[in-house]
Amino acid sequence: MLFQGYASAQSDPSYTFMHQARTAPTVSYYDYIIIGGGTAGCPLAATLSQKASVLLLERGGSPYGNTNITDLAAFGAALSDLSPSSPSQRFVSEDGVVSARARVLGGGSCLNAGFYSRAGPEYVRLAGWDAKLVNESYQWVEKVVAFEPPLKQWQTAVRDGLVEVGVRPYNGFTYDHMYGTKVGGTIFDHDGHRHTAADLLRYANASGLTVLLHAPVHQILFARRGTVNSTMPKARGVLFSDANGLAHRAYLRRGTNNEIIVSSGALGSPQLLMLSGIGPRRQLRAHNITIILNQPMVGLGMSDNPMNAVFIPSPNPVEVSLIQVVGITHNGTYIEAACGENFASGTRTRDFGMFSPKIGQLSTLPPKQRTQEAIEKAIEDMKALPQSAFMGGFILEKIMGPISTGHLELTSRSPNDNPSVTFNYFKDPRDLQRCVDGIKIIEKVIGSNSFASFRYNDYSIVNLLNMTASSPVNLLPKHANASKSLEQFCKDTVMTIWHYHGGCQVDRVVDRDYKVIGVNSLRVIDGSTFRNSPGTNPQATVMMLGRYMGVKLMRERLMSEGQE
């Protein structure tokens, strides 16, 4: 067997600790209150529940029983669901790139393309993490959610093509971040079923954990005058609502180690801090929010790794696969691939799966064109494409970092509304150069001997670039020189790969222990704390961080209780 892990993990675990928020008491008390049951929040809650009472508040529902989440063949369906009950909430950055944020237990691991790869040793060193505990935490995650993918013909050709054009050495199958070409892990098992961060709640102590679904948190509550030993504000509870709109309050029990932990993601965490009175004075006053702490760094350092791809129609059938192979280069670009008729959309729909406008993969649009009508037009345009246009795959590149950063601002006082976010794609010329370097590598892979059976010889690289730049998957202002200027191609075809981060960064908003600077009993533990996206894909490291910090907090708690 090529697959490790628990093959039954995709089944509904029937957690006894999971409830709808409407069943919660009006007032309750816990040792830890975790806001956000996502990629970091689930492993964190599972770990803390071993020695303390934990409340995990998730604004969405359960992933279990939803085949749009659990089945690889339905990839993209959850992202294209725009209903109020969807596990995905669409947002449009001010740059014009349409993206999505999770609204489901398990977070982004319920929506993504499934690639699992660790951060590199240098990333771990710069973060100041304990390397031994990091490794143990990754292994804890991998026992439940990570698998070796079955590499078939098309992905093998991409792998061999990368090695042929010099992305060496070939490192085989590994979760580790290593220069060269490798086969990474996946959270889809051998039956094509997704294993999410919600599965990590199987590790939980059921008597120590309460998970409430459809429980958006409106505000963190503070003791404004601090404590006897500190003049800093102290987090003491949260205000959340249920599906009926009724308000509930949860408070921390007495105890020096008890804390509120925000794990609401790169959009949700800075948004909630601001809604609770921690953020730039100008923004808080604009929304008539009582200022708890003037913290101008909240919402800054927002970044999203830009993705650019080249579509290659194939004369031969290809398997359905998401991300499995990656080329990790020394010039700051990562090369990955996805393939298959309908690109894992199955036979139920006819679109570009991972790159379909149905899931929001629209690049820079003038503001007046960012409409549902524009998306519908793209879908209609696709119906006119020949069947051959749906047989093949994409080779994509994502840049390291990125260096370019933006900012986030509130749009309202509702936690259910999307904040306004600007990522400033390619604002730093070094990011644009990395994209150009990545497209050049893709061109070489397409022209390699290893890839020969999956390309039409009468399609030149210019043809392929033009096809990609003009295809209806991207409703872009068109430039005639996109295939001649790789810089223009990168700008015209930029998409998200959903790796956005920042907003509550370490040494700016939180310290190295993820404590919010200037406030007691409050931490932020998730991707909003990152300066750079870890490894080629962040989900492994975000899950690891939840486990890692859970272990550290438990150790601190046991040491403190031993001294009392």
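The values are calculated or read from the model by the stated rules, or taken from the named source; none is laboratory data. Not measured: the values here are computed from a predicted model. Every residue, glycine among them, receives a Cβ derived from its backbone with ideal geometry; neighbour counts consider all protein chains shown. The area values use the complete protein model at the heavy-atom level, side chains included, leaving out ligands, DNA and RNA. Shrake-Rupley method; radii C 1.70, N 1.55, O 1.52, S 1.80 Å.
Considering only the stretch 1-11, I want to know if a residue exists there that is at pLDDT 95 or above and of a type outside the set (Phe, Trp, Tyr).
no
Grab the strands (runs of 3 or more DSSP E) fully contained in the stretch 167-286, keeping just those with 3 or more residues being more than 30 Å from residue 440 (Cα to Cα).
Hits in the stretch 167-286: 209-213, 217-223, 234-241, 247-252, 259-262.
Any residue in the stretch 283-305 that is farther than 13 Å from residue 530 by Cα sitting within a Cβ distance under 8 Å of a residue that is of a type in the set (Asp, Glu)? List the pairs, counting only those 6 or more apart or interchain.
Matching pairs, first to second residue: 283/409.
Output the residue which, of all residues in the stretch 116-163 that are small (Gly, Ala, Ser) and under 23 Å from residue 202 (Cα atoms), is nearest to the chain's Cα centre (by Cα).
That would be 117.
Listed here are the residues, each with its yes/no results for (1) closer than 30 Å to residue 328 by Cα; (2) part of a helix (DSSP H, G or I).
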| site | (1), (2) |
| --- | --- |
| 518 | no, no |
| 534 | yes, no |
| 542 | yes, yes |
| 547 | yes, yes |
| 553 | no, yes |
| 561 | no, yes |
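Return the pair list, or none, for Cβ contacts closer than 7 Å from residues in the stretch 384-410 that are on the phi < 0 side of the Ramachandran plot and at pLDDT below 95 to residues that are open to solvent by 60 Å² or more (accessible area, probe 1.4 Å) and among the acidic types (Asp, Glu), at least 6 apart or on different chains.
If the second residue must be open to solvent by 60 Å² or more (accessible area, probe 1.4 Å) and among the acidic types (Asp, Glu), the pairs left are 390/341; 391/341.
Can you name the number of the only condition in (1) of a type in the set (A, V, I, L, M); (2) touching a residue at least 60 places away in the same chain (Cβ under 8 Å); (3) open to solvent by less than 20 Å² (accessible area, probe 1.4 Å) that residue 165 fails?
The single condition residue 165 does not satisfy is (3).
Among the residues that make up the stretch 120-128, is at least one of them modelled with pLDDT of 95 or more and part of a loop (DSSP other than H, G, I, E, B)?
yes
Between 379, 328, which is under 30 Å from residue 404 (Cβ atoms) and at pLDDT 55 or above?
After applying the criteria, what remains is 328.
If only one of 267, 300, 273 is open to solvent by 20 Å² or more (accessible area, probe 1.4 Å), more than 30 Å from residue 458 (Cα to Cα) and within 27 Å of the chain's Cα centre (by Cα), which one is it?
300
Results for (1) touching a residue at least 60 places away in the same chain (Cβ under 8 Å); (2) under 27 Å from residue 510 (Cβ atoms); (3) of a type outside the set (Phe, Trp, Tyr); (4) in contact with a helix residue (DSSP H, G or I) (Cβ under 7 Å, 6 or more places away or on another chain), shown as yes or no for each residue.
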residue	(1), (2), (3), (4)
89	yes, yes, yes, no
100	yes, yes, yes, yes
139	no, yes, yes, no
160	yes, no, yes, yes
